[in-house]
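Okay, so here's the structure we're looking at.
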Amino acid sequence: MPEFKLADRIASLPPYLFAEIDRLKSEVAAQGVDIISLGIGDPDLPTPQFIIDALYEAAKRPENHQYPSYVGMLTFREAVAKWYKQRFNVDLDPKKEVVSLIGSKEGIAHFPLAFVNPGDLVLVASPNYPVYPVASSFAGGEVKMIPLLDENDFLPDLDAVDAATWDKTKVFFINYPNNPTAATATPEFFAKVVEIAHKHNVIIVQDAAYTEVYYDENKKPISILETPGAKEVAIEFHSLSKTYNMTGWRCGMAVGNATLVAGLGKVKENVDSGIFQAVQEAGIVALQHGEPYVKEFRAIYKERRDVVVEALRKINISCRVPDASIFVWARTPEGYTSSEFVSKLLKETGVVVTPGNGFGDSGEGYFRISLTVDTERLKEAVSRISQL
Ligand code: MLT
């Protein structure tokens, strides 16, 4: 009987955080427990109808049934460039500085294959979306975490990294608005990142998936590409997922430095065949006409955020009031590690939250709540937390 062994890169992987949460959730649900699912950042609100209608119309056209273009339809990339101009006042050449992605996760996962050689150093600001270190390791990179600490507003302490380490670094992953801490970046922070990148020849990968979920018009999250000189060193990943409630559609984009965009495009040409064109056409109308809907979603998330923060504070669970993202990052109660707390909470109350350490060691002592159920259920969830 032949025996098939997993490759070391897969065999040595911990379970994928969100798949593991799904597994535990199903186990508990099978016992008839009423589950409140706050584990994954997957909007519960539906995709706006006009986007669905655009998909329907586009899906009827036979030219959309054939292979799409690898880098994305030019019309989609133009819509992305226009949206970046309107939203961030960033100029992008749609032909060279935009590539479409089958969701930003896909692009993030493929990016290191284009630029990381075995042994190259990759820095990841952590706690982090698990895909950054895993994809970097798949490419043979050596990953080093830079902790995000509460006392630094969950921004990495760039001065704590010595010049020799920066010199060795090929890629630096950052993510603002941040998942899981919900922190936002300042222009000064991005300026410093860009300065370091120029000085030490470092590629900056900034994941911007949550820029559109903000709570105050005066504190709109920024793009790193607004920073002078950023386009020479940075690629920014974005997505329609969280903005327009389109996680299931798999539609995203990477923008910025033309060499970085082209490198990623080269990997993609070899491993996938682009996004279904009907989805791209729907994505175009989302980018063009979605803002009034997004405004409504923001108001809904804001109400949810306030309900959760207030209820957590009443039961002495400390958390910051997030300025952006669909997450609340809270301290685990005294006496519990993140995993202990999360697993007890699930088993005894049916509330699913994400353990902070699932995002890296510096997430220990925290848990993450996704604001992806209605306010009544959120109140119920916090009331169950208080009974632990
Ligand atoms: C999260 O919950 O962190 C994200 O939704 C996961 C993802 O986008 O893949």
Is there a residue being farther than 27 Å from Ile300 by Cβ and not assigned by TED's automatic domain parsing to the domain that holds Val205 anywhere in region 31-45?
yes
Considering region 38-75, residues that are open to solvent by less than 40 Å² (accessible area, probe 1.4 Å) and in contact with a strand residue (DSSP E or B) (Cβ under 6 Å, 6 or more places away or on another chain), and then whichever is farthest from Phe327 (Cα to Cα), we arrive at Gly72
I'm checking my understanding of the structure. Among residues of region 99-116 that are away from the ligand (no atom under 16 Å from the Cβ) and touching a strand residue (DSSP E or B) at 6+ places or on another chain (Cβ under 9 Å), which one is most open to solvent (accessible area, probe 1.4 Å)?
Phe115
Which of the residues that make up region 203-241 are closer than 21 Å to Phe76 by Cα and in contact with a Phe, Trp or Tyr (Cβ under 6 Å, 6 or more places away or on another chain)?
Asp207, Ser223
Among the helices (runs of 4 or more DSSP H) confined wholly to region 9-90, which include 3 or more residues that are within 16 Å of the ligand (Cβ to nearest atom)?
17-29
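Matching residues to (1) of a type in the set (Phe, Trp, Tyr); (2) within 13 Å of Ile203 (Cβ to Cβ):
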{"position": "Pro221", "(1), (2)": "no, no"}
{"position": "Tyr244", "(1), (2)": "yes, no"}
{"position": "Ala254", "(1), (2)": "no, yes"}
{"position": "Asn257", "(1), (2)": "no, yes"}
{"position": "Val261", "(1), (2)": "no, yes"}
{"position": "Leu264", "(1), (2)": "no, yes"}
Given (1) open to solvent by 40 Å² or more (accessible area, probe 1.4 Å); (2) within 20 Å of Ile21 (Cβ to Cβ); (3) of a type outside the set (Asp, Glu), where does Pro355 come up short, assuming only one miss?
(1)
Qualifying position, being open to solvent by less than 50 Å² (accessible area, probe 1.4 Å) and more than 23 Å from Pro46 (Cβ to Cβ), among Ala324, Ala330:
Ala330
Of the residues that make up region 326-334, is at least one farther than 25 Å from Ser26 by Cβ, out of contact with any Pro (no Cβ under 7 Å at 6 or more places or on another chain) and within 16 Å of the ligand (Cβ to nearest atom)?
no
Could you check, for region 300-316, whether at least one of its residues is assigned to a loop (DSSP other than H, G, I, E, B) and either open to solvent by 20 Å² or more (accessible area, probe 1.4 Å) or without any contact (Cβ under 8 Å) to a residue 40 or more places away in the chain (or both)?
yes
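Inside region 2-22, can you point out the residues that are over 15 Å from Lys344 (Cβ atoms) and modelled with pLDDT under 90?
Within region 2-22, Ser12, Leu13, Pro14, Pro15, Tyr16, Leu17, Phe18, Ala19, Glu20, Asp22 qualify.
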Listed by first then second residue, the pairs whose first member lies in region 40-60 and is at pLDDT 95 or above, whose partner is among the basic types (Lys, Arg) and within 16 Å of the ligand (Cβ to nearest atom), with beta carbons under 8 Å and at least 6 positions apart or on separate chains, are Gly41/Lys242; Pro43/Lys242
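The values are calculated or read from the model by the stated rules, or taken from the named source; none is laboratory data. Because the structure is predicted, anything quoted here is derived from the model rather than measured. Positions of Cβ are generated from backbone atoms using ideal geometry, with glycine treated the same way; all protein chains shown enter the neighbour counts. Accessible surface areas use protein heavy atoms only, side chains included; no ligands, DNA or RNA. Shrake-Rupley method; radii C 1.70, N 1.55, O 1.52, S 1.80 Å.
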